[in-house]
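First up is the structure itself, then whatever we jot down about it.
The values are calculated or read from the model by the stated rules, or taken from the named source; none is laboratory data. Note that the structure is a prediction, hence the values are computed from the model and not measured. Here Cβ is always computed from backbone atoms with ideal geometry, including for glycine, and neighbour counts include all displayed protein chains.
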Amino acid sequence: MARTQHFPVQAKIPIYSVGFIQDDVIVYSGGGGAGRSGVTNAVVAARVDFQTQSIEKLDELKLSRDEDAPMAMSVNTSKSQLICGINNTADEMKKGNNQPIRIFDYSLQEAEVTEKSGSTNDEKASSADKGKAKQEDVKMELHFAKAAQSMQIQDPEQYIKVAAFSPNGRMLALASTDGQVALHRYPALSPIWDDAGEPSSSALAAAEAKDTSISIPSQDFERSELYDADFSHSNTQVVFTSSSKLVVYATEPFSESNSDDAASPTDESTRSAEGYAQTIQTIKNPALGGKGPCSFRAARFGRGEASKEKLFTVVNAAPAGGRGPKAKIRKSFVTAWDADTWDLIETRHVSDRPVTVFDVSPDGKFLAYGSSDLSIGVLDAKTLRPVLKILHAHDFPPTCLKFNPASNLLVSASADNTLRVIPIPAKALLEKAASAGGALAFISETRMGFYTTIFLSLLIAALALWFQRQYLIR
């Protein structure tokens, strides 16, 4: 595997979502939730400083302590906005007054450098000072824009678990912990799918005549918690994931009318749904290792020429059973599916503990996962071969991770109040590491890497000495 100069950063709040504004500017959200725990609920923007191995906070928007912490977030760079899933207060929710979609505007400015190179002081400035000056040239501001309603979440224990924008930024997918699913036009936030009642008999007949299947997505998941949602690279499909199954829908709604009036509504006051959801494929939990059923944790479409025709899923197996250390083993796998035929292409065992988070790089070449064994791993999307692994990235299991737009940086976060910044090595280094052999080739640069290397070196030396005495010295 390749080595990388990754580093941890203190965030001072539990983090549940992270995203990128640009290649070196991140935004993260989290907090202590409702109550007076003393832990702030906040949305924070920061710039990564590789020279000092730190982040520079650009802006922080502190949120109400009477409401939930933001548990889901997605960035829309085409609109210079981000949305968070935040419940209203418990009292307001019980009254039916809940607006869990919170929209924030952001502005990012990079000031031009006007200093002349003729200054003696400038010429003598250290590289560290220059790096610091460059950081100070970047300004970013976060502003709350508005709150909006989506789904019917009235139980304070339930919340929006997943939020995802389509690649073109024109659709927003939401999913909750109680099995509700919603697809909205953006920025109008008008519903695309009819999610009330049952499809009429005439609608079912019309769908059958056109050889398609329609459904009510929130009923498809039977109030089960949703863990993930993602759009295809072409914006034509969206996949939602629960532990028992994943369902792929067409983003184009089905309507009994053959007119072309189902185009995207531009008037925000237009609140009626455009039609029913069209189901493309349903995949139920496969049996991979362990005893008993497995469970899905994530499903993401590939990106770019490298993997756009694939769907990647994370499957956590049931406990192995038995006694002792083996009883704790719960293997996790990353699988690749053909997104056209829905055939299973390949499976890779990645950890002996459940995977908690997953992401696909924007260029479609890498897959990243975070495991409850506290590790972060990166796979080659084409072969599913491991290219990088951090053995102890956080003190608690990772809650989120995200590639930057250039696909050369990965940031993970956890409820332990930390972020970890992980540069992705250049392609040449990754290829060299993949072809390298030897007993120590798998050691990645981690907190334990140094000690592991020493241990293996001593072990090899001891085995060599034993072999020499046993067979060579007579």
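Below are the figures for this structure:
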{"item": "Qualifying residue in the range 153-160 (condition: modelled with pLDDT of 95 or more, under 22 Å from the mean Cα position of the chain (by Cα) and of a type outside the set (V, I, T))", "result": "yes"}
{"item": "Residue in the range 326-334 that is part of a loop (DSSP other than H, G, I, E, B) and either modelled with pLDDT of 95 or more or in contact with a strand residue (DSSP E or B) (Cβ under 9 Å, 6 or more places away or on another chain) (or both) present", "result": "yes"}
{"item": "Residue in the range 417-429 that is out of contact with any Cys (no Cβ under 6 Å at 6 or more places or on another chain), at pLDDT below 80, farther than 18 Å from V18 by Cα and among the aliphatic types (A, V, I, L, M) present", "result": "yes"}
{"item": "Some residue of the range 432-453 being at pLDDT below 95, surrounded by fewer than 21 Cβ atoms within 10 Å (Cβ to Cβ), over 21 Å from V350 (Cβ atoms) and of a type in the set (A, V, I, L, M)", "result": "yes"}
{"item": "Residue in the range 280-301 that is assigned to a loop (DSSP other than H, G, I, E, B) and either within 22 Å of N168 (Cβ to Cβ) or modelled with pLDDT of 95 or more (or both) present", "result": "no"}
{"item": "Residue check for L82: crowded, with 22+ Cβ neighbours inside 10 Å, closer than 27 Å to Y227 by Cα and touching a residue at least 40 places away in the same chain (Cβ under 8 Å)", "result": "yes"}
{"item": "Filtered residue count, the range 351-369, keeping only those that are part of a strand (DSSP E or B) and touching a Gly at 6+ places or on another chain (Cβ under 6 Å)", "result": "3"}
{"item": "Strands (runs of 3 or more DSSP E) enclosed by the range 1-69 - at least 1 residues per element that are of a type outside the set (D, E) and under 21 Å from K161 (Cβ atoms)", "result": "15-22, 25-30, 42-49"}
{"item": "Residue under evaluation G35, criteria (1) crowded, with 16+ Cβ neighbours inside 10 Å; (2) closer than 26 Å to L226 by Cβ, criterion not met", "result": "(1)"}
{"item": "Criterion (farther than 30 Å from I390 by Cβ, touching an Asp or Glu at 6+ places or on another chain (Cβ under 6 Å) and touching a residue at least 12 places away in the same chain (Cβ under 8 Å)) met by exactly one of A42, A90, A34", "result": "A34"}
{"item": "Members of the range 178-192 that are within 21 Å of the chain's Cα centre (by Cα) and of a type in the set (S, T, Y)", "result": "Y186"}
{"item": "Residue list for the range 149-173, restricted to those being surrounded by fewer than 16 Cβ atoms within 10 Å (Cβ to Cβ) and either acidic (D, E) or not in a loop (DSSP other than H, G, I, E, B) (or both)", "result": "D155, E157"}
{"item": "Residue check for I103: part of a strand (DSSP E or B) and within 27 Å of Q10 (Cβ to Cβ)", "result": "no"}
{"item": "Residue, surrounded by the fewest Cβ atoms within 10 Å (Cβ to Cβ), within the range 192-233, restricted to residues that are assigned to a helix (DSSP H, G or I), without any contact (Cβ under 8 Å) to a residue 24 or more places away in the chain and not polar (S, T, N, Q)", "result": "A209"}
{"item": "Long-range neighbours under 8 Å by Cβ, at least six apart or interchain, first residue farther than 19 Å from K328 by Cβ and of a type in the set (K, R) within the range 361-376, second modelled with pLDDT of 95 or more and buried (at least 18 other Cβ atoms within 10 Å of the Cβ)", "result": "K365/S307; K365/D380; K365/A381; K365/S407"}
{"item": "Of all residues making up the range 114-150, the number that are modelled with pLDDT of 50 or more, over 30 Å from N87 (Cα atoms) and either among the aliphatic types (A, V, I, L, M) or touching a helix residue (DSSP H, G or I) at 6+ places or on another chain (Cβ under 7 Å) (or both)", "result": "1"}
